[in-house]
Amino acid sequence: MAAKPEIVYVFDGYCGWCWGIEATVQKLAAEFPDRFQFSALSGGLITGARIGPLGDFSDYIERAIPRVEQMTGTQFTDAYKARIRDRSTMQNSLVPAAAFALVTETNAEVDTMQLADEILRLNFVSGLDISLPKTYEDLFRVHGLSPKEALDRLGESQLAALAEPQFTRAREMGAEAFPTIVYGREGTYFPLCQGYQSYENLSHALDILHREPPPI
């Protein structure tokens, strides 16, 4: 039997639009499990020269939140809104991506869609600092990792080695923005959307792709 086509959700722990589309991709995964293999991949929104205080972006984020909430129906908690005004909070996408990689590396059976949701919730619901490795202690424990051993591996010198392979794979799939939803079949990938799309649009696209798979 031929392998099912893939739907890859490329997200980033700091991406507000990823939080906005989260309920949509979870609903798609629940609706189409017999037609597609769903997975998530952590991307790199805040890297290199962009790494810095979250407070530097607070004005922009506060202006964007109402639009994201209006378009998606998703809510941002007061805990998150308080966090974005804290200039001591640093943004660094290497950390959530490395935490994601540690869990998937240790547990090959993990539901990566659920794992993406758990990481996004640490930020946008709990309002925690997802650039601090200790933020992931409970996450590691839930997924069967020793928190101490996992935190040892999240040392600064090892972050890039854990995170960058995911960033490279995401780029190879055509992800140049977040979120990106990627369709893949027989090792060939192309983006279905880059940025937010509604459930109705994506569900319709998946129906068409199932009925009429594109040529490879």
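Per the conditions (1) touching a residue at least 40 places away in the same chain (Cβ under 8 Å); (2) assigned to a loop (DSSP other than H, G, I, E, B), the sole criterion not satisfied by ARG87 is (1). Scanning segment 147-174 for residues that are under 26 Å from LEU209 (Cβ atoms) and assigned to a helix (DSSP H, G or I) yields GLN166, PHE167, THR168, ARG169, ALA170, ARG171, GLU172. Please enumerate the residues belonging to segment 98-117 that are small (Gly, Ala, Ser) and either exposed (fewer than 14 other Cβ atoms within 10 Å of the Cβ) or at pLDDT below 95 (or both). Once the filter is applied, which keeps residues that are small (Gly, Ala, Ser) and either exposed (fewer than 14 other Cβ atoms within 10 Å of the Cβ) or at pLDDT below 95 (or both), segment 98-117 yields only ALA108.
Look through segment 175-216, keep the residues that are among the hydroxyl-bearing types (Ser, Thr, Tyr) and part of a helix (DSSP H, G or I), and return whichever of them is nearest to GLY13 (Cα to Cα). Of everything passing the filter in segment 175-216, TYR199 is nearest to GLY13 (Cα to Cα).
Going through VAL95, VAL68, VAL103 one at a time, which residue ends up being β-branched (Val, Ile, Thr), out of contact with any Lys or Arg (no Cβ under 8 Å at 6 or more places or on another chain), within 26 Å of GLY187 (Cβ to Cβ) and touching a residue at least 12 places away in the same chain (Cβ under 8 Å)?
Values: VAL95 fails: within 26 Å of GLY187 (Cβ to Cβ); VAL68 fails: within 26 Å of GLY187 (Cβ to Cβ).
From the options VAL95, VAL68, VAL103, the qualifying one is VAL103.
Here is a check on your reading of the model: is PHE76 surrounded by 15 or more Cβ atoms within 10 Å (Cβ to Cβ) and either among the small types (Gly, Ala, Ser) or part of a loop (DSSP other than H, G, I, E, B) (or both)? First the steps, then the outcome.
On the way: surrounded by 15 or more Cβ atoms within 10 Å (Cβ to Cβ): yes; either among the small types (Gly, Ala, Ser) or part of a loop (DSSP other than H, G, I, E, B) (or both): yes.
Yes.
Search segment 150-164 for residues that are on the phi < 0 side of the Ramachandran plot and pair each with any residue that is surrounded by 14 or more Cβ atoms within 10 Å (Cβ to Cβ) and not in a helix (DSSP H, G or I) when their beta-carbon atoms are under 7 Å apart and the residues are at least 6 apart or on different chains. Correct list of pairs: ALA163/GLY44. No other residue among LEU28, LEU94, LEU54 is modelled with pLDDT of 95 or more, in contact with a strand residue (DSSP E or B) (Cβ under 8 Å, 6 or more places away or on another chain) and farther than 16 Å from GLU118 by Cβ apart from LEU28.
Across segment 145-198, what is the total count of residues that are of a type in the set (Lys, Arg) and under 18 Å from the mean Cα position of the chain (by Cα)? So that I can check it myself, show each step before the final result.
In the first step, residues of segment 145-198 are kept if they are of a type in the set (Lys, Arg); the result is 148, 153, 169, 171, 185.
Right, trim to under 18 Å from the mean Cα position of the chain (by Cα) and you get 169, 171.
Selection size over segment 145-198: 2.
Considered as a group, the residues in segment 123-140 that are of a type in the set (A, V, I, L, M, F, W, C) and more than 18 Å from VAL25 (Cα to Cα) include one that is surrounded by the fewest Cβ atoms within 10 Å (Cβ to Cβ), and that residue is LEU132.
Take ALA205 and decide whether it is under 24 Å from GLY52 (Cβ atoms) and among the small types (Gly, Ala, Ser). Break it down stepwise before answering.
Working: under 24 Å from GLY52 (Cβ atoms): no; among the small types (Gly, Ala, Ser): yes.
In short, no.
One residue stands out among those in segment 1-15 that are more than 10 Å from the chain's Cα centre (by Cα) and of a type in the set (Gly, Ala, Ser): the one that is nearest to THR74 (Cα to Cα), which is ALA3. Considering only residues in segment 52-65 that are under 21 Å from the mean Cα position of the chain (by Cα) and part of a helix (DSSP H, G or I), the one that is farthest from SER198 (Cα to Cα) turns out to be LEU54.
The values are calculated or read from the model by the stated rules, or taken from the named source; none is laboratory data. A quick note: this is a predicted structure, and the numbers were derived from the prediction, not measured. Neighbour counts are summed over all protein chains in view; Cβ atoms, including those assigned to glycine, are modelled from backbone coordinates with ideal geometry.
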